[in-house]
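Take a look at the structure set out below.
The values are calculated or read from the model by the stated rules, or taken from the named source; none is laboratory data. Source: prediction; values computed, not measured. Heads up, the Cβs are rebuilt from the backbone with ideal geometry, glycines too, and the neighbour counts pull from every protein chain shown. Surface accessibility is based on the protein's heavy atoms, side chains included, excluding ligands, DNA and RNA. Shrake-Rupley method; radii C 1.70, N 1.55, O 1.52, S 1.80 Å.
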Amino acid sequence: MKTIIMTALSTLLGLTSLAASATEFQPFQTYTRPALPLNGEWKIIVDPYENGYYNYRYEPFDQMDNPPRSAYFRDAKPRHSGELIEYDFDASESLTVPGDWNTQKEKLYYYEGSIWYRKLFNAPATEGKQRTFLHFGAANYRADVYLNGEKLGHHVGGFTPFYFETTGKLKPQGNSLVVKVDNKRQRDGVPTLNTDWWNYGGITRSVRLLVTPEVFVRDYKIQLNDHKTGELSGYAVVDGAGAGREVRLTLPQLNIDVRATTNAEGVATFSARAVGAQLWSPDSPRMYQVIVRTGNDRLDDEVGLRTIEAEGKQLLLNGKPIFLRGISLHEEYAVDGGGRVTSVEEARKQLQWARDLNANFVRLAHYPHNEHIVRLADQLGVMLWSEIPVYWTINWDSEETYQNAQAQLEEMIGRDKNRASIIIWSLANETPVSEARNRFLTRLADRARSLDSSRLISAAMEKHYDPENPERAIVEDPLAELMDIVSFNQYIGWYDGLHEKAERVTWHIPYDKPVFISEFGAGAKQGLQGDSNTLWTEAYQAELYRKTLAMLDKIDGFVGTSPWILADFRSPRRALPGVQDDFNRKGLLSETGVPKEAFGVLREYYRQRALERVTVEKAEQSE
Ligand code: GCB
C-alpha cells in the first residue's frame, strides 16, 4: 500500500486570509520578488533588564495608550536640554544584519536576553494603490517589531519567516524600524531550555521591504501527483481579492498555460498535465520556470517535478528505489569565527562539502534552515530532510507549546512547499514516549499531512534494548505507526559502549516501512592521532564509522542514513578543554572544514553505494 494519501486541496485552504500580523502568519513567497534590502549596519542597544520595554513597575510600554518616550521603540531624542532620555540609538554601537550577535562581538558570545535593533530607511517609491510589506527571514527567538514608534506585531520562533503589512505607515524619508530581539530560552518554548546547539541570537536572516500591487499573488503550490501520467495540481492564493479573480499559471517549457478563478478566500486551484517532463532527481535536477499571474502582478519561480513515496520497505523517487546517502548539518559556518550561515556563498559551501562526501541527501538539523540552502539544493540535486525544533523535552502538556510548534511547522511548510529537494518533513527529535507526547505529535502529523501530501513525514526516534538480551536493539514507538519512514538516532560506540559493540548488536524493527538512521557518530578532534581504541582520536571515529556502516547494512529495509554530523559545531554542552572548547566534535570536518579520517571512510562507502545503483540500473536497462 502506498503510504502517501492524496489530501483534497480544499484542506489546504486554511491558509487563505489576508496578511495582517505575524501572529496570524499566511505564507508569502518573497524570495524571487524584487525588494529593498534593509540589511547591513543596524544600531543596537543591549538590554538585559528590558529597560526599554518595561517601566520600573514592570509594565510593558507597548501596551500603554501613550507609551513614554523612554520606551526604546519610540527612538526618541531629547527635544530640549531638560528632557531626560536615557538611550540614544544614533550614538550606540552597531551589528550587521543578517547575523547572530554572539560571533560579532566578544562580549555577546554567551549573551541570552534582549537586544534592540534600529534601522533608518527611506521608503521606496510607490504608485497608486501599491502595498508595502516588511519581511524578516528569521530572528531568534522572539521579535517585537515597531515602525515609527508604532507596534507592528511580534513573532515567536527562531527559524521561520514573518512579515507585516506597512501600507500607509511609511514616511518618504527617515523611517525608524526598531526590533527587539529576545533569545532567552523558555521552558515552554520550541525548542525548550535544553538543546545541543548554540543559542545564537539576533536578526539572523535578511530583512526586506517589498512593494506589491494592491492585488497580488501571495502564495502558490504546485505538485506532481503521478510521475507516470504527469498529473500536476496546485493552487494560488491572491491577496486583496475576493471571488472571481482570474489567475494564470504558466510553465513555458512544458507548454502549460492554465487559468483559474479565485473563490471567496482568494484561492484558485489548478490541475494540469506535464507531458514529457523530465523529472527532478539528484542525477538530473531539472528545473522548470513557473509564472503565476493575476492582473498586473507576476510571481516568478522555478520548480523541480518529482514524486517521493514509501512502498513497503522501499523508498521510491519517481517510482524507483533510492538510497539516501546522507549527512546531517547545522546551520552554522564557523570558518573565521563565524556562527549562523548568512549568505548564499556559505550555504553553497556547506552543500559542496556534502557533495564532496558523495552524499545525495542532507538532513537539515534541528530547525528550518535558510531559504538559500533549500533553493541551492533544488539546483544542485541534493535531497533534503527539514525539521522543526521539537527537540528532547518539549512541554507536551501545554497547548501554547503545541500552537507554537504548529506555527513553526506551518511556516516551514509554507515557505518551502515548492522545493523538490525537500522529500521529508520531520516533526521531532529524540522525544521521550508518553501519552501526552503521542497526542502532541499525532496532531502535528495530521497538520503536516493536511498541508502537504507530496512528501514523507518522519521524526528521529530512539532505540532501546530487549530487557532479556542487551545486544538486541529494538525500535518500537507508537510514533512509528504514524510515520511514512521509520527514522531513529543511535550512538552505539559512543554513548553506548565502544565501537566493537556494533559487531554484536542485532536489530528488531517491526514495521513494514523504510528504515532510516538519522544519526550516529563519535567525537574526534581533528588532528588528534592515536589508536582506534582511544576516544577523541580520528582513528576511533573512523573505526566507529566502519563498524556502524557494516551493522546498518544488515538492517532489513535500510534506505539510508544521515550520520552526525558534517562539521564540528558550537554547543555550550561541550566543555572539555583542549578537545571540545565549546564545540561538539562529531563533525567529519573540523569547524573550519578540515577533513578527519572518517570523512574518507564515509565518502568511500557512499561511492560504492552510488556505483551499486548505477550497476543495478544498467542491468535493468539491458533486460
Ligand atoms: C543527538 C542529538 C543531537 C546531538 C547529538 C550528540 O542525539 O539529536 O542534537 O548533538 O546527539 O552529539 O550528542
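For ASP336, ASP300, ASP283, ASP477, the ranking by accessible surface with the largest value first comes to ASP336, ASP283, ASP300, ASP477, using a 1.4 Å probe.
Report the local net charge at VAL267: Lys and Arg +1, Asp and Glu -1, summed over other residues whose C-beta lies under 14 Å from its C-beta.
Values: positive: ARG218, LYS221, ARG245; negative: ASP219, ASP239, GLU246, GLU265.
Within the 14 Å Cβ shell, the charges total -1.
Computed from backbone phi with θ = phi - 60° and the Karplus coefficients 6.51, -1.76 and 1.60, the 3J(HN,Hα) list for segment 581-594 is 6, 6, 10, 6, 9, 7, x, 7, 10, 5, 5, 9, x, 8 Hz; x is used for glycine and proline. Considering only protein heavy atoms and a 1.4 Å probe, what is the carbon-and-sulfur percentage of the accessible area of the chain? Answer for the chain is 48 percent, counting heavy atoms of protein chains only. Close amide-amide hydrogen proximity is noted between THR160 and ALA139, each under 5 Å apart and 5 or more residues distant or on a separate chain (H modeled in the peptide plane; Pro and chain starts excluded). Here is what passes the span test in the chain: the DSSP H helices with alpha carbon length of 15 Å or more along the helix axis and a Kyte-Doolittle mean of -1.0 or above are 435-451, 538-553, 597-622. Residues LEU279, LEU357 ordered from highest to lowest accessible area at a 1.4 Å probe: LEU279, LEU357.
With every protein chain present, what is the per residue accessible area of the chain (1.4 Å probe, Å²)?
Working: 24070 Å² over 623 residues.
Value for the chain: 39 Å² per residue.
Along the axis of the charge dipole computed for segment 398-482 (Cβ charges of +1 for Lys and Arg, -1 for Asp and Glu, origin at the Cα centre), the listed residues PRO478, ILE423, LEU444 are led at the positive end by ILE423. Remark on GLY493: its backbone amide H falls under 5 Å from those of LEU498, a criterion applied only to residues 5 or more positions apart or on other chains, H modelled at 1.01 Å from N. Across segment 421-433, rounded Karplus estimates of 3J(HN,Hα) from the backbone phi angles (6.51 cos²θ - 1.76 cosθ + 1.60, θ = phi - 60°) give 4, 6, 10, 9, 9, 10, 9, 6, 10, 6, 9, x, 5 Hz, Gly and Pro being marked x.
What ratio of Cα Rg to 2.2 N^0.38 Å holds for segment 394-534? Present the calculation step by step, with values, prior to reporting the outcome.
Details: Rg = 17.7 Å, N = 141, 2.2 N^0.38 = 14.4 Å.
Here the Cα radius of gyration is 1.23 times the empirical estimate.
Can you list which of the chymotrypsin sites (Phe, Trp or Tyr not before Pro) found in segment 408-509 are DSSP loop residues with at most 14 other C-beta atoms within 10 Å?
Values: sites: TRP425, PHE440, TYR465, PHE488, TYR491, TRP494, TYR495, TRP507; in loops: TYR491, TRP494, TYR495.
Answer in residue order: TYR495.
For the chain, the Stokes-Einstein estimate of translational diffusion at 4 °C and a viscosity of 1.567 mPa s comes to 51 µm²/s, using the Kirkwood hydrodynamic radius over alpha-carbon pairs. Under a model in which nothing but the beta-carbon of Lys, Arg (+1) and Asp, Glu (-1) is charged, the chain shows a dipole of about 1180 debye around its Cα centre.
Beta-bridge orientation, the chain: approximately 70 percent antiparallel, per DSSP, counting only bridges with both partners inside. For segment 192-206, backbone phi angles converted through the Karplus equation (6.51, -1.76, 1.60; θ = phi - 60°) give residue-by-residue couplings of 8, 4, 10, 9, 10, 8, 6, 8, 4, x, x, 7, 8, 10, 4 Hz, Gly and Pro being listed as x.
At a Förster radius of 45 Å, what calculated FRET efficiency corresponds to the Cβ-Cβ distance of LYS171 and THR592, to the nearest 0.05?
On the way: r = 45 Å, r/R0 = 1.00.
The calculated FRET efficiency here is 0.50.
Normalising the average separation of contacting C-alpha pairs (under 8 angstrom, six or more residues apart) by the number of residues puts the relative contact order of the chain at 12 percent.
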